[in-house]
1. Out of all the residues in segment 150-194, which are under 30 Å from GLU371 (Cα atoms) and open to solvent by 60 Å² or more (accessible area, probe 1.4 Å)?
2. Looking at segment 181-194, can you tell me whether even one residue there is closer than 30 Å to HIS77 by Cβ and outside any loop (DSSP other than H, G, I, E, B)?
3. Within the set of pairs 6 or more residues apart or between chains, which connect a residue that is more than 11 Å from LEU289 (Cα to Cα) inside segment 219-233 to a residue that is assigned to a helix (DSSP H, G or I) and modelled with pLDDT under 95 with Cβ atoms less than 6 Å apart?
4. Restrict the check to segment 195-204 and report whether at least one residue is basic (Lys, Arg), open to solvent by 30 Å² or more (accessible area, probe 1.4 Å), closer than 27 Å to ASP110 by Cβ and not in a loop (DSSP other than H, G, I, E, B).
5. With (1) under 30 Å from ALA177 (Cβ atoms); (2) buried (at least 20 other Cβ atoms within 10 Å of the Cβ); (3) of a type in the set (A, V, I, L, M, F, W, C) as the list, and ALA104 as the residue in question, which single condition is left unmet?
6. Read through the list (1) in a helix (DSSP H, G or I); (2) within 25 Å of the chain's Cα centre (by Cα); (3) not charged (D, E, K, R), then give the number of the only condition that GLY296 fails.
7. Determine whether segment 108-119 contains at least one residue that is in contact (Cβ under 8 Å) with a residue 40 or more places away in the chain and within 17 Å of GLN13 (Cα to Cα).
8. So, GLU197, is that one of a type in the set (D, E, K, R) and free of Cβ contacts under 8 Å to residues at least 40 places away in the same chain or not?
Amino acid sequence: MRFLTAGESHGPQLTGVIEGLPAGLPLTPDEINPWLARRQGGYGRGRRMVIETDRVEILSGVRNGRTTGAPVTLVIHNADHRNWQDIMDPAPGSWPRKRALTAARPGHADLAGGIKYGHKDLRDVLERASARETAMRVAVGAVAHQLLAAFGVESAAHVVGLGGVWSQTPFDWSRTAEIEASPVRVLDKEAEARMIEAIDRAKTAGDTLGGVIEARFRGLVPGLGSHVHWDRKLDGRIAQMVMSIPAIKGVEIGTGFANAMRPGSEVHDPIYRDEARGYYRKTNRAGGLEGGMTNGEELVVRAALKPIATLMRPLPTVDVVTHEPADAARERSDTTAVPAASVILQACVGIVLAQAYLEKFGGDTLDELVERVERYKAHVRAF
């Protein structure tokens, strides 16, 4: 399974094309739109979340509520485009265009992208570099999760820390509804209140906040990925996907960073076996991955999200046309996107896992795939 996305932040639409899905997968907008709504939620979001109500259209590859095996095309229209039609018009026009951006914003792709592609109007960079692109990746991730569900895989996402406040309540699969109801996607109510206070203070100060997010997956078979080549190792592929999410600056599997400072006897997870459960671990510090492959335990992926780079009190920069000092441009922005980023993380890791299932089990139809996965599960139990 492979996919492409296209579109700009203030363009008419975002487009996604998914190739390689099996025929027979149930798929309607109703499986995708709740994911888009979750991405738009969370305390600390900006005005665009009021303007936009993301909804997906399925333009190809699905008939009668089922995938056909042909490429699936998804579209999300940008409601705000009506205010940007002249600015984003692809037709030739005079320069500078309306709302041209020449003062590069620190922390964004503006300057490096402008130098790379020769753009003096840095809007040509920021429109595609914007995290708005992740709306389509979440839609693709929703489709991937529809496939994973057919194999018995479940997932969840939550916030571990935000703005210097850490949740002290461990993740609990039985309480995922509480996470979805929390404005900052945490189970710890005391931490929730302190996070909201921190967001309010940052907003008043014209500042932004980052945090640490986590996605979890259970029901995965062991052996997804491979140890035989560097580019087939699943942890490497997950890390590449996660690091491609805007503002993500670090990723770990399990308790990866803490493990680096512990002796091996306190890191590696002993293996046990009984007839009812097969092979299992009593601890999961490896986060469900060993040697580039899933080991059958819960997959735990954490990521560090830096504070949003667009500040209402802009940082010093340089104008790329005049080469004079300037204040960084201010685009409409959030105070924090950490809760929403946890949903994006969940969606994006799901894409990699769906790809891994399709690579391992193959098949042109969903029925074929499910049969092969079940047969493999029987092999694992007997091994």
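The values are calculated or read from the model by the stated rules, or taken from the named source; none is laboratory data. Quantities reported herein were computed from a predicted structural model and do not represent experimental measurements. So basically every Cβ, Gly included, is an ideal-geometry build from the backbone, and we count neighbours across all protein chains shown. Remember, those area values only see protein heavy atoms, side chains included, never the ligands or the DNA or RNA. Shrake-Rupley method; radii C 1.70, N 1.55, O 1.52, S 1.80 Å.
1. GLU154, SER174
2. Scanning segment 181-194, I find at least one residue that is closer than 30 Å to HIS77 by Cβ and outside any loop (DSSP other than H, G, I, E, B), so the answer is yes.
3. Here the result reads none, with nothing in segment 219-233 linked to a residue that is assigned to a helix (DSSP H, G or I) and modelled with pLDDT under 95.
4. Checked against the condition, which is being basic (Lys, Arg), open to solvent by 30 Å² or more (accessible area, probe 1.4 Å), closer than 27 Å to ASP110 by Cβ and not in a loop (DSSP other than H, G, I, E, B), segment 195-204 yields at least one hit.
5. Of everything listed in (1) under 30 Å from ALA177 (Cβ atoms); (2) buried (at least 20 other Cβ atoms within 10 Å of the Cβ); (3) of a type in the set (A, V, I, L, M, F, W, C), ALA104 misses just condition (1).
6. That leaves (1) as the condition not met.
7. No; the residues of segment 108-119 include none that is in contact (Cβ under 8 Å) with a residue 40 or more places away in the chain and within 17 Å of GLN13 (Cα to Cα).
8. yes
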